[in-house]
Amino acid sequence: MKHRIILGSFALVIVLCIHSYWFTKSYDANATTFDHTISAALYEAGDTISGQVVVEKKSANYFYVTSKTAVTSKTVDTLIEKAFAERNIDLDYEIGVYNAADDSLIYVTQKKASESPKDITPVIESDGVQKNFAVMFPTRNNFLIGQSDLWSFAIGLAILLVWIASQWITFRKSASTELNPSIIQLGRCTLDFHNQQLTVGKATFELTYKENQMLKLFFENPNQVLERDIFLKEVWEKDGFFVARSMDVFISRIRKYLQSDASMKIENLRAIGYRLNVRE
């Protein structure tokens, strides 16, 4: 059991390393594609109004377009919407329009992905002020993470963690049983000899003194023949016809306690005794 926990923990580290590597590669690939798509869309929007447009990526989520054209802010807004819609760029963004003379901000608008129209016919209008513009994507990182299939990694990791946790709980229970000599575990059954309790799966039975003594003999000698005389001497401390008949009644009760554990069965060996067969 301890070895399985160690191997499981080692496997967890390996899986984490592999997934981290591939997630990073996937994220970087998606980021490169995203940047290329955004640049192409902004070049298209800028080319419509200027023959010398320059697109610069200032930061991970911020693109600045130098166009120096005297168009209205609404025209810039509409051209960007059209270019993004044609490329199915479906995430929130903000547009800032700057005065090309002193780089002062003269117009800001926010666009939600759900608000982007699909059919746009831009009208080129001029107001005599040369402008540049910029686009920022506040949700870029969340968008790229979603594109990188992080959920499959998270689910796989959760399954592995649950498995390791279950193995650790089983190991702790097993260790606790080994440290307590009054507890004997066999199959799905646990006999608490000190408290006279038998647990089979999720069911717990309160035992009489004789049931407890008989089960102790069975659990300490699995798959071994126990003669009737052993039970008579160690549990009843006497023999006789009526005592033997009483023992058969107790055996019948114990069989009922164990019936929900298919791996355990008490076998009656005629004229000899009993054997608790335990199947691995």
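Checking Ile145 against (1) open to solvent by less than 50 Å² (accessible area, probe 1.4 Å); (2) outside any strand (DSSP E or B); (3) at pLDDT 70 or above, which test does it fail?
Every listed condition holds for Ile145 apart from (1).
Residue by residue through the stretch 38-62, note down the ones that are within 17 Å of Ala85 (Cα to Cα) and small (Gly, Ala, Ser).
Scanning the stretch 38-62 gives Ser39, Ala40, Ala41, Ala45, Gly46.
Return the residues of the stretch 28-45 that are loosely packed, with under 14 Cβ neighbours inside 10 Å and among the hydroxyl-bearing types (Ser, Thr, Tyr); say none if nothing qualifies.
Passing the criteria: Thr32, Thr33.
Taking the criterion of being open to solvent by less than 50 Å² (accessible area, probe 1.4 Å), more than 10 Å from Phe133 (Cβ to Cβ) and among the polar types (S, T, N, Q), would at least one residue in the stretch 46-58 satisfy it?
Scanning the stretch 46-58 turns up at least one residue that is open to solvent by less than 50 Å² (accessible area, probe 1.4 Å), more than 10 Å from Phe133 (Cβ to Cβ) and among the polar types (S, T, N, Q).
When you look at Ile155, is it out of contact with any Asp or Glu (no Cβ under 6 Å at 6 or more places or on another chain) and at pLDDT below 90, yes or no? Working first, answer last.
Numbers: out of contact with any Asp or Glu (no Cβ under 6 Å at 6 or more places or on another chain): yes; at pLDDT below 90: yes.
When the stated conditions are applied, Ile155 passes them.
The values are calculated or read from the model by the stated rules, or taken from the named source; none is laboratory data. Quick caveat, the model's predicted, so the values are computed rather than measured. Cβ: placed from backbone, ideal geometry, glycine included. Neighbour counts: every protein chain shown. Accessible surface areas use protein heavy atoms only, side chains included; no ligands, DNA or RNA. Shrake-Rupley method; radii C 1.70, N 1.55, O 1.52, S 1.80 Å.
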